[in-house]
Amino acid sequence: MINLLSSSVWLYFGVAILCIVIILVAIVIGLVPMKVYFKAALSGAHVSAIKLIAIKLRRHDVSKLVDAYITAKKGGVKIKIDDLETHLMAGGDINRVVEALITARGAKLNLSVATAKAIDLANRDILKAVQSCVTPVVITSPTISAVAKDGIELEVKVKVTVKTNIDTLIGGAGEDTVLARVGEGVVTTVGSASSHSQVLENPDIISKMVFKKGLDKGTAFEILSIDIADIDVGKNIGARLMAERAEADSKIANARAEERRAMAIAAEQEMKAKTQEMKAKLLDAEAEVPMAISTAFKDGNIGIMDYYRLKNIESDIDMKNAISHSKLIGESE
């Protein structure tokens, strides 16, 4: 009886253990993405089940991370899945980073995982940068207008062959800065030429002078060559400037003449006003003469003979004025 009871207890205990094991296995199977786990294991990029469960609990894309990890391992890149997960958490593109690392390894470029992640997080296309390190890129500038010392305009197009400099990619200036510096160099070189024909005869002086300036300093690129794609003769800027200057001088002279004419008219008007004022004062004075004579008669300061003598003098003056006026009319005729 005791043996039978003991065997029943062991049976129940075994069943309980089996149930617990089944429940634990079911929980593990439910938590572990088995398809991804076996895929990684069969690809030679083993990832522990616990790590997969942790990634899943952090609500990251397990399949995407494992696929990128497998690709890196197949490409011979030494990288940890934790590095990929942290880069994914930071908002980076893990597939692009892995492809860039594989390309760099194939091209024997010294690109570390940390540098690749930093470049990608800096919103730079790390894959394109690595590809341009292997295959240089040609940048064509817009038409650059420059004027030689003889006043003739030259329109120049430049092709700049560059490759990405991984070391200065973070914080380095882009293509726009390179083109701006090249344009500045072209304008300076053409502007220092004594004539436009000198530049047309030797267009390589532009590329040589510009290339010597070290325009790639502080940029994300290394300039390999600068070539003149096209050069055309434009307008005669010097003649146009001279014509515009002559026209401006003419306008200034006309303005000054108009100013002098206005001043003369104003002076004439002022003189007329003064003349009218003097005439008015003279008329006022003449109007007071009879009153003064009358007062003089009353006061006995003048006699009748003095008065007639004054009238004779006045008549004599009027006659002389009439004679001189008639002579002037005769001479004019």
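The values are calculated or read from the model by the stated rules, or taken from the named source; none is laboratory data. The shown structure was predicted, so the numbers you read here are calculated from the model rather than taken from an experiment. With ideal geometry, Cβ positions are generated from the backbone for all residues, glycine too; neighbour counts draw on all protein chains shown. Side chains included, ligands, DNA and RNA excluded: accessible areas come from the protein's heavy atoms. Shrake-Rupley method; radii C 1.70, N 1.55, O 1.52, S 1.80 Å.
So the values come out like this:
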item	result
Residue that is modelled with the highest pLDDT, among those in segment 43-65 that are under 19 Å from residue 95 (Cα atoms) and of a type in the set (A, V, I, L, M, F, W, C)	65
Restricting segment 234-274 to residues that are within 30 Å of residue 157 (Cα to Cα), aliphatic (A, V, I, L, M) and open to solvent by less than 100 Å² (accessible area, probe 1.4 Å), the residue that is modelled with the lowest pLDDT	239
Counted residues, segment 46-64 - those being assigned to a loop (DSSP other than H, G, I, E, B) and crowded, with 18+ Cβ neighbours inside 10 Å	1
Selection status of residue 216, touching a strand residue (DSSP E or B) at 6+ places or on another chain (Cβ under 9 Å), modelled with pLDDT under 80 and either of a type in the set (Asp, Glu) or open to solvent by 60 Å² or more (accessible area, probe 1.4 Å) (or both)	yes
Those residues of segment 152-167 which are under 23 Å from the mean Cα position of the chain (by Cα) and closer than 12 Å to residue 133 by Cβ, in sequence order	162
Selection count, segment 117-135, where residues are open to solvent by 60 Å² or more (accessible area, probe 1.4 Å) and of a type outside the set (A, V, I, L, M, F, W, C)	6
Hits in segment 175-192 (condition: in contact with a strand residue (DSSP E or B) (Cβ under 9 Å, 6 or more places away or on another chain), more than 17 Å from residue 162 (Cα to Cα) and small (Gly, Ala, Ser))	191
Conditions (1) over 19 Å from residue 205 (Cβ atoms); (2) open to solvent by 30 Å² or more (accessible area, probe 1.4 Å): number failed by residue 149	(1)
Segment 31-45 - residue that is touching a residue at least 12 places away in the same chain (Cβ under 8 Å) and part of a helix (DSSP H, G or I) and, of those, most open to solvent (accessible area, probe 1.4 Å)	39
Residue count, segment 65-77 (criterion: assigned to a helix (DSSP H, G or I) and open to solvent by less than 30 Å² (accessible area, probe 1.4 Å))	6
All positions within segment 88-134 that are more than 19 Å from residue 75 (Cα to Cα) and without any contact (Cβ under 8 Å) to a residue 24 or more places away in the chain	123
Residue in segment 193-205 that is small (Gly, Ala, Ser), at pLDDT 80 or above and under 28 Å from residue 125 (Cα atoms) present	no
Unmet criterion (only one of (1) surrounded by fewer than 17 Cβ atoms within 10 Å (Cβ to Cβ); (2) under 30 Å from residue 224 (Cβ atoms)) for residue 103	(1)
Pair list, Cβ under 8 Å, 6 or more apart: segment 145-163 residue on the phi > 0 side of the Ramachandran plot, other residue open to solvent by 20 Å² or more (accessible area, probe 1.4 Å) and in a strand (DSSP E or B)	151/236
Close pairs from segment 178-191: first at negative phi, partner surrounded by fewer than 18 Cβ atoms within 10 Å (Cβ to Cβ) and of a type in the set (D, E, K, R), Cβ under 6 Å, at least 6 apart	185/213
